[in-house]
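The values are calculated or read from the model by the stated rules, or taken from the named source; none is laboratory data. The model shown is predicted, which means the values in this text are computed figures rather than measured ones. Positions of Cβ are backbone-derived with ideal geometry, glycine not excepted, and every protein chain shown enters the neighbour counts. When the accessible area is computed, the model is the full protein with side chains, heavy atoms only, and any ligands, DNA or RNA have been set aside. Shrake-Rupley method; radii C 1.70, N 1.55, O 1.52, S 1.80 Å.
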Amino acid sequence: PKSKSAKWPVGTVVRKPFEGYGIYQGKVASFDPDTNFYHIDYEDGDKEEFDEKDMKKYVVVEEAEDEDKKPAARKSSKKSTATRKTDKADVGNKRKTSPRSIIKEEDESSEEEKKEEEEATTRSSPRKRGRGRQISYKEESDDDEPVLSDSSSEKKPPSKKRKGVPKRNAAKKAIDDSSDDDAFAMDVESSDDEVLDLAMESSDEDVKPTKKKPAVAKARAKTSASKLSSTGGGKKGKGKATGEDIQDEYNKKLEKDLKAYRPQNNPQKLPPHGEYVDSVGVDPTHGIVERNISEQVRKIGGLLQMAMKASARGKGKKQPLGRLSFPIQLQTACSGTDAPSIALGLVQESLTKMCPDDEHKFAYDHLMSCEIEPFKQGYIGRNFPGVLLFPDITKLSDTDEDGNPVEVVDVYGRKQMIPQGNLFIAGTSCKDFSMLKTTLRKDIEDKGQSGQTFLAAVEFLDLYQPPFAIFENVDGAPWDKMQEYIQGRIDLSRRNENKAITVDKKKSRTDNADEDLVFRVNDDLQYEAVKVPPQVGMKAGNLVEGIVRGGDDARNVTSVKATKGDTGKTFTLSQLAKKHKINLKADTLILEKKARYCTYLVKLDTKDYGLPQTRNRKYLFVWRSDDPKDDLGKYFQEIMDYLKTPCLHSMEAFLLPDTHDRIRCFREALRSGPGLMVKRDRAKEPDFWDWEASQVKDLTLHKAFREKNGIPDRMRWLTGWGPRGEKSLAPGLWPELFDCWNHRRLDMVDCFGCATIRDAVSRDPLHHSFVWDVSQNVTRAPYRSATVGVSGCVTPGGELLF
C-alpha cells in the first residue's frame, strides 16, 4: 500500500547505470517512513535503498512524455552518473547505488526544502545494508517472490560496494534472461550427478566483469530457443518459438505423460519374520555382514571342506575339467569395489574363527582387477595393494600373430602379463541393458558399453580358459543370447525366437535367420559367419565346427565342411541346411571354440540374503565341461537357495549417525565453498513450474504424478521450495543438502511425501521409514518399497533420500 509520505508508490520502475556493467532495472518494493528511504529490488535479486533525491534521478519516465523532453532527460541521466560519488559522500554508509533512470521535472523550490530535510535525516540515520543470500519476507512488499540480498557484502566497506558491481553481479541480467537450461535442467540424470563439478567450473567468483558477457548470454538464449523449436515448438518469424508454440508443446507432452503414468496404491508389508532387530544404541553396522557370512559358512562348511580335501588329493595330478582347486586364484573384471575379494576374505575370517588352529586350509589369492572408472581404480588401489590393476577389459585379450597372449598396459603405464587364474568374475556394464533406458537400450551387437564389455569378457574366457567364471548383470539383459556366445552352441529350433533386446515391445521382429544368417566359405573350406541377425548369439567371424543331430549324444559332433569348388561362395542358413541335410527344427549348430563351457542362470535378490535392498540381478554360473548335459548348475542353484538368510536389520541400521566424523565432514563441505557455489547457482534457476521459463521436460511428469495422485500443484509441505532459493524445510531434513538440489528434486520429495499420506495405508514420511531415489524420474522411481525398511537398488549413480 502507498504510504502517506511516499511520493512514488510501490511498483515504480527505476533504472540506474553502473560503470562497465550497463543499466539495471528495479522496482520500489516498500517505503520506510521513519528513514524516508525507498527499498528498491533489482531484477537480478540485489537490493538497495533510495532517498527522494535518488528517486528523482532514476525513476523511469512514462512513455507518454513529449519527445522534446527526452533530450533533457538524457542530459540529466549523464549528470546523475557524474555526481554519483558526491551523493555517496552525503549519505555516509549508504547502501549500494543502482541503475540509470530518467528524471521528471518538478517545482524547484519544493525540491530544495525536501532535500534539506532528507540530508538531515540521512546524517542522523545511516542506511543499513542488506544481509546476503537470505530470504526477505517483508510484509509491506507486494511481490509474491521473496528476494535474496547479499550477506557477503556485510563486512566490506560501503564505499566499495558499487564502485564496480561485485563479480557475481557481472552480466546478472544476461544470466537471468538466458534460461540456464543447459546448466540446471535436470531432465538428463547424468548431468544431475555431476552438478557439483558443474557448479565449480562455472563459479561466479571466477566470472570477470566484462561487457562481452551479455553477448554470451544472448547466445545461450538463442540456443535454448533453437532447442525448443527442435523439440516440437513451432516457429514464427525468424525461427523463434512463440508463446502459443511453447504452450502447445507443454500440453501435448502433458497429455502423453498423463496417459503413460499409472499410480500405484499397494500398501507396504512388514518383514515376514516380524519386526527388525533394534540396535539399542550400539552401532548396528558393526558385524551385520560378518554375522551373515558366518551363518552361511556354517551352512555349507562341510561341503567346502570336502571340496578342499578333494583338491588336496589331486594335487600334482591333472585335474578334471570343472574342478576348482585351492587356493582360489581370483580374477575380476568391471570390478567396481571388488566385492568378490571382500567376500572371500570374510569367508576366510569366518573359518579362522571356527577353526582357531587354521585347520580349514582355505585360502585365496586376488591376482587381478580390471576397472575403467578412475575413482574406482583409486578405491581398488588403496584397498587391494599389490593386485594387478588394468584399465580396459577390451585390451585384456590382445594377442600376437600366432594367437598367444601379449603384455597389457596397467593403470600405472607398466606392461604386465595377465596371470593365470581359476575363478573369473565379471560384472559387465548394465547401462545399455537396463529397463530404465526404455527408449535407449542397446543390444550386444550395437557397440554400446554393455555389449562391448560382455564380448570382451567372452574373449577372455576363450583365451585364458579358467575352469570357473561368474557373470552378473540386470534381469533384462539378453541372457539366452549371452549363453549362446559363451557355449558356442546354437539351438536351430529357436533360431527365430526373439532373444534380442527390443525397444518397442509392441513391434514384432521380422528377422528371419534362415535368410539373414549368412556364411562364407574360407580357404580352409570352413563356413565363416559374415552376417548375423540380432536374435542369434554369434558374431561375424565365428567358424562352424559341425552339428549335433537331434536325439544324438550332445558330444557327438558331425563335422560340416565345404567342397573345394565352394571357396569364396556365400550360403544362407537355409542353403547350408539343404546342402548338408541339417534339420532346422531339431539339430544344434556347433561353433568352433578354444574351450567348451556350460552355463546355468540364477536369479537372486539381495534382500533374501540378509541385506535390506531390493536388487534383482541374474548370475550366470559358467564352468569348463565337454558334456553339454553336465548338471553342475543345478547344484549351484540348490546351494544359493540354501544360503538364503532372513533380513534382520532395516536400511536405517546401515546409516551412520549424524555425529559420525564422515557425516560431519560431508555436511561441513556442503556448508563451505563447494556447497555454497552450488547453492548460489541453484538460486538463479528459473521457476521449475514456469514451463516457458524453465523448459525442463520433467515438469509434465510431475504434473501427471500430482494429478493422478490427487496432489495440488503447489503443495510443498516437506520442502516449501520456491524461486530464488526459497525453502521451508520440515524437521530432520538437512538444509545444506537441499540447498544443493534443483527444483525438480525438491518437488519430487514433496510429491513422494504427499503420495505416502494419500496411500491406501496412510503413513507420514517424517515418522515412518521410506527410501526415495531422487536421481530417477518422479513417475519411474517408487515412493515406497514393498517391504518396510527395505530400499530400492543402491547404485553408484543413484541418490537415495532416507
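Determine the share of the stretch 374-435's accessible area contributed by carbon and sulfur atoms, expressed in whole percent, with a 1.4 angstrom probe.
Ligands and nucleic acids excluded, carbon and sulfur give 52 percent.
What residues qualify as long-range amide H neighbours of TYR597, i.e. H under 5 Å apart, gap of 5 or more or another chain, H built at 1.01 Å from N?
For TYR597, whose amide H was placed from the backbone, the distant partners under 5 Å are SER625.
Which percent of the accessible heavy-atom area of the stretch 574-716 goes to carbon and sulfur, probe 1.4 angstrom?
52
Packing-wise, with mean Cβ within 10 Å as the measure, how do 245-252, 333-340 rank, highest first?
Those peptides, ordered most packed to least, come out 333-340, 245-252.
Working with all protein chains in place, sort LEU303, LEU620 by solvent-accessible area computed with a 1.4 Å probe, largest first.
LEU303, LEU620
Residue separation times 0.36 nm, minus the C-alpha to C-alpha distance between LYS564 and LYS594: what's the value? Each step should come with its number before you reach the end.
On the way: separation 30, 0.36 × 30 = 10.80 nm, distance 2.55 nm.
My answer for the length gained is 8.3 nm.
What is the Rg over Rh value, at two decimals, for the stretch 588-718, using alpha-carbon atoms and the Kirkwood definition of Rh? The partial results should precede the final answer.
Values: Rg = 25.8 Å, Rh = 21.4 Å.
My calculation of the ratio gives 1.20.
For the stretch 650-802, what is the accessible area per residue in Å² when the probe is 1.4 Å?
Working: 6400 Å² over 153 residues.
I get 42 Å² per residue for this part.
Measure up LYS253/LYS499; LYS593/LYS618; LYS395/LYS594; LYS309/LYS629; LYS395/LYS447 against 23 Å on the Cα-Cα distance and list the ones that go over.
Distance filter (> 23 Å) returns LYS253/LYS499; LYS593/LYS618; LYS309/LYS629.
Calculate one ³J(HN,Hα) per residue across the stretch 331-346 by plugging θ = phi - 60° into the Karplus curve 6.51 cos²θ - 1.76 cosθ + 1.60, and present them in order as whole Hz with x for glycine and proline.
For the stretch 331-346, the Karplus curve yields 10, 10, 9, 6, 6, x, 9, 6, 4, x, 5, 4, 5, 5, x, 5 Hz.
Project the alpha carbons of the stretch 571-610 onto their principal axes and report the range along each, largest first, in whole Å.
Principal axes ranked by extent give 57, 25, 16 Å for the Cα atoms.
In nanometres, what is the gap between the two model label sites at GLN416 and GLU799, each 7 Å from Cα along Cα-to-Cβ?
Roughly 3.5 nm, to one decimal.
How much accessible area per residue does the stretch 499-628 have, in Å², with a 1.4 Å probe?
In whole numbers, the stretch 499-628 has 49 Å² accessible per residue.
Could you order MET368, MET417, MET677, MET306 by accessible surface area, starting with the largest, using a probe radius of 1.4 Å?
The residues order as MET306, MET417, MET677, MET368, largest area first.
Convert 4 °C to kelvin, take the viscosity as 1.567 mPa s, use the Kirkwood radius over C-alpha pairs of the stretch 327-426 as Rh, and evaluate the Stokes-Einstein diffusion coefficient in µm²/s, rounded to a whole number. Provide the component values of the computation, followed by the final result.
Numbers: Rh = 14.6 Å.
Reported coefficient: 89 µm²/s.
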